[in-house]
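Novice: What follows is a structure written as structure tokens; I'll ask about it next.
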Amino acid sequence: MRRHGRVGGKTITCDICGAKLSGEGAFLRHIKEHLIVSVRRNGMDVYYCLVCGQEFITKNSAITHLIKRHGLE
Ligand SMILES: [Zn+2]
Ligand SMILES: [Zn+2]
């Protein structure tokens with residue numbers, strides 16, 4: 001039943017969507033996607049930070065915000 005022998009291949013499962021991520025870095029990158037929500041307004045996509053509710057025009061600036069403001073890396 002038990003299978004060992006894999007070294008350093010830590011797989012982390014996302015509690016929110018069940019995605020399997022290989023390694024902590026991939027997981028942290030993935031979890032950011034859940035902290036940003038995109039909303040269509042006036043024919044334009046705007047992005048919201050779910051932590052503080054601030055809005056952004058691009059997803060990239062929202063991700064930068066998460067890293068700088070909320071310490072997510
Ligand atoms: Zn997920
Ligand atoms: Zn925020």
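The values are calculated or read from the model by the stated rules, or taken from the named source; none is laboratory data. No experiment lies behind these values; they were computed from the predicted model shown. Note: ideal-geometry Cβ built from the backbone for every residue, glycine included; neighbour counts use all protein chains shown.
Novice: Would you point out the residue of region 16-62, among those that are farther than 15 Å from residue 72 by Cβ and basic (Lys, Arg), that is nearest to ligand 2 (Cβ to nearest atom)?
Specialist: Only one residue fits best here, namely 41.
Novice: Looking at region 31-53 only, could you name the residues that are over 25 Å from residue 20 (Cβ atoms), in contact with a strand residue (DSSP E or B) (Cβ under 7 Å, 6 or more places away or on another chain) and not β-branched (Val, Ile, Thr)?
Specialist: If the condition is that a residue be over 25 Å from residue 20 (Cβ atoms), in contact with a strand residue (DSSP E or B) (Cβ under 7 Å, 6 or more places away or on another chain) and not β-branched (Val, Ile, Thr), then 45, 47, 48, 49 are the ones that fit.
Novice: Mind checking whether some residue in region 3-11 is at pLDDT below 95, closer than 21 Å to residue 67 by Cβ, more than 16 Å from ligand 2 (Cβ to nearest atom) and in a loop (DSSP other than H, G, I, E, B)?
Specialist: Checked region 3-11: no residue is at pLDDT below 95, closer than 21 Å to residue 67 by Cβ, more than 16 Å from ligand 2 (Cβ to nearest atom) and in a loop (DSSP other than H, G, I, E, B).
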